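The values are calculated or read from the model by the stated rules, or taken from the named source; none is laboratory data. Not measured: the values here are computed from a predicted model. Positions of Cβ are backbone-derived with ideal geometry, glycine not excepted, and every protein chain shown enters the neighbour counts. Side chains are part of the model used for accessible areas, which takes the heavy atoms of the whole protein and leaves out ligands, DNA and RNA. Shrake-Rupley method; radii C 1.70, N 1.55, O 1.52, S 1.80 Å.
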Amino acid sequence: MKAIGLMTPGGPEVLNIVDLPPVSAGPGQVRVKVVAVAVNPTDLLLRNGAFSAAQETQSRPLVPGMDIAGIVDEVGANVETNIHVGDRVMGIVVPEGSYGAYRQQIVLDARSVALAPQSKTLYEASTIAMNGLTAIMSLDLLNLQPGQTLAVTGAAGIYGGYVIQLAKHRGLTVIADAAAKDEERVRRYGADIVVPRGDDVASHIRHYFPQGVDGLADGAVLNERAIPAVKDGGSFTSVRLYEGNGARDIAFSKTFVGDYCYHTDALNSLTQYVDQGILTPEVAALFKPEEAAEAHRLLEKGGVRGRFVIRFDE
C-alpha cells in the first residue's frame, strides 16, 4: 500500500513515498479506502522532530496525518455505529509510528469515524474531523454559557474559524484577532468584534471588555501574552499543552484532541453542522502524494487560509 512517510525527522525533503503492508479491520474497527487527507500544522511537528522523544521507540517509517476522508471497504465484527461498507466517511487519526493518515488505506476504531457531510466533497470532508473536534473540545473546556464573552486568537486559521462558528451557534459573544487582510474572513466566521492580531492583542480586547472576557481560546499560541485578556475567575484553553500560570483564579486547560478521538457523538455533530451551514470547511489546494513535501513547505511559510489536501484517488 502506498503511503507518505519518513525514516528520520527533518525538513520537508524527508517525506517520501513508502510501501506499507495491507491492513484488515478487526473487532470494533472499520477499514477506509482513503481518498483525501488534510495537511495540518501538527503534521509538521511530527515530521520535523518536535515530538522526537515520543517517536524514539516508534516503528519506521513514521507516517504523519490526523484527518482522512474516503470510502469504507470493510467493517469488522461488533461495530455498533451506523457505518457500512460503501459509506462516504471522515475520521480522525492519532499517528503512532507507521499509523498515520497519509496512506491509501487505513483501519480505524469505528468510534473515530463518521459519515461525511452530504453537501461536501471528500476533499473538503478531510479537513473537518481533527480541527472540528479540537474546537468542540476547547469550547467544552471553557464551559461558557449563552451570552458570555469569548476571545479567539489565531482566528483566521481553521481551528480559530471553527471555534468562532461553533461559539456563535452556542450563543456566545465573540471577539477575535486578525491581520487587516483577514478581517473580512473572520467577520464571515461570525466574530462580533475584530481586533488587530499580535502580541498586544490582550490590550485591544480589554479596550472593548475592560474587565476582561469570560474565556479565551488561544489558537495563536500566545500563552502568557494572552492571559491579561481574561477576567478574574475566567477560563483559558491552549492548543499546545500550555498549562498557564495560575493567575487570578483563571481556569487553565489544555485542548488535546487525542482525548476526543473516540467521541462519536461530537464527530457526528460536525457532519450535521457542515450540512446545516454552521461550519464551513475550506480546501486551499490539492496535492498528489508525490507533492507532499511541497505542501509542507508551503504550509511552513505561513499565511495559508483553508487546508492543503493530499489526494489518493488518482
Over segment 257-267, the set of residues surrounded by 15 or more Cβ atoms within 10 Å (Cβ to Cβ) and out of contact with any helix residue (DSSP H, G or I) (no Cβ under 6 Å at 6 or more places or on another chain) is 263, 267
Pairing a residue in segment 199-222 that is of a type in the set (Lys, Arg) with any residue that is assigned to a loop (DSSP other than H, G, I, E, B), where Cβ atoms lie under 9 Å and the two sit 6 or more apart in sequence or on different chains, gives 206/212
The residue that is most open to solvent (accessible area, probe 1.4 Å), considering only those in segment 135-174 that are in contact with a Ser or Thr (Cβ under 6 Å, 6 or more places away or on another chain) and polar (S, T, N, Q), is 173
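Conditions (1) buried (at least 19 other Cβ atoms within 10 Å of the Cβ); (2) under 16 Å from residue 106 (Cα atoms); (3) modelled with pLDDT of 95 or more, marked per residue:
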| site | (1), (2), (3) |
| --- | --- |
| 2 | no, yes, yes |
| 6 | yes, no, yes |
| 25 | yes, yes, yes |
| 31 | yes, yes, yes |
| 38 | yes, yes, yes |
| 50 | no, no, no |
| 53 | no, no, no |
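Name the residues in segment 77-115 that are β-branched (Val, Ile, Thr), open to solvent by 50 Å² or more (accessible area, probe 1.4 Å) and either under 21 Å from residue 308 (Cα atoms) or not in a loop (DSSP other than H, G, I, E, B) (or both), would you?
Taking segment 77-115 and keeping what is β-branched (Val, Ile, Thr), we get 79, 81, 83, 85, 89, 92-94, 106-107, 113.
When the remaining residues are screened for being open to solvent by 50 Å² or more (accessible area, probe 1.4 Å), the result is 85, 94.
Matches in segment 77-115: 94 only.
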When every residue in segment 59-76 that is open to solvent by 30 Å² or more (accessible area, probe 1.4 Å) and out of contact with any strand residue (DSSP E or B) (no Cβ under 6 Å at 6 or more places or on another chain) is compared, the one modelled with the lowest pLDDT is 59
inquiry  = Quick check on residue 188: is it open to solvent by 10 Å² or more (accessible area, probe 1.4 Å), within 25 Å of residue 140 (Cβ to Cβ) and in a helix (DSSP H, G or I)?
reply    = yes
Next item on the list: Please tell me if residue 74 is among the acidic types (Asp, Glu) and under 19 Å from residue 309 (Cα atoms).
Entry: no
Requiring at least 1 residues that are in contact with a Gly (Cβ under 9 Å, 6 or more places away or on another chain) and of a type in the set (Ser, Thr, Tyr), the strands (runs of 3 or more DSSP E) wholly within segment 208-314 are 230-238, 251-254
